[in-house]
Every structure is written in C-alpha cells, then in structure tokens.
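Worksheet: the structure to be examined is printed underneath.
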C-alpha cells in the first residue's frame, strides 16, 4: 500500500561500565542501519530504544544531546521493569 510507514527498533542495554563506549557503538550501528534502510526500505524509520534510567543518567547530557540532534537520532525511552514505552523522541 502506498503511504505505509514502518518502524525498526534497535534495542540497546547499556550495561557495560562505559556508557560512552556503548553509545559510540550504538550510534555507529544506528547510522549504518539508517543508511541502508533509506535505500532499501525508504518507508522504514529507525528508533534507538533505551531504558529510561540510561536516558536520565547519560543521554540528557548536553554533549550527547548535540550528537543526537546532529545525526537526527530517534529515541524510544522504555521502562524495562514495566515493559512499556515511556516516550518517543523524534
């Protein structure tokens, strides 16, 4: 059907001692997936899913926010315990 849109969700746990290292990896993977999807499936939108705890602890930092904005990273903030979406950030 014309006009349909799909989402792809890349889930990252950020369980290692270095959130910055995990962010670097997640950002690289996200950009690779986004690039390929834009060519192969242009009606797909990719989101990076993270826990609300890592969002509040790490992702709200100004430097991280600047990177997210520059690369137009879409976030899905999740409460892992309740298994529910808290926020979609476009």
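Points to keep in mind about this one:
- Of the set (1) buried (at least 16 other Cβ atoms within 10 Å of the Cβ); (2) touching a strand residue (DSSP E or B) at 6+ places or on another chain (Cβ under 7 Å), all apply to residue 80 but (1).
- Inspection of segment 62-74 finds no residue satisfying the criterion of being farther than 16 Å from residue 30 by Cβ, free of Cβ contacts under 8 Å to residues at least 60 places away in the same chain and in a loop (DSSP other than H, G, I, E, B).
- Among the residues of segment 3-13, the one identified as outside any strand (DSSP E or B), surrounded by 12 or more Cβ atoms within 10 Å (Cβ to Cβ) and out of contact with any helix residue (DSSP H, G or I) (no Cβ under 6 Å at 6 or more places or on another chain) is 13.
- The set of residues in segment 14-43 being in contact with a helix residue (DSSP H, G or I) (Cβ under 8 Å, 6 or more places away or on another chain), in contact (Cβ under 8 Å) with a residue 40 or more places away in the chain and part of a helix (DSSP H, G or I) consists of 23, 27.
Where a number appears in this text, it was derived from the coordinates with a stated rule and is not lab data. Every value quoted in this text rests on a predicted model; they were computed, and no experiment measured them. All Cβ positions, glycine included, derive from the backbone under ideal geometry; neighbour counts span all protein chains shown.
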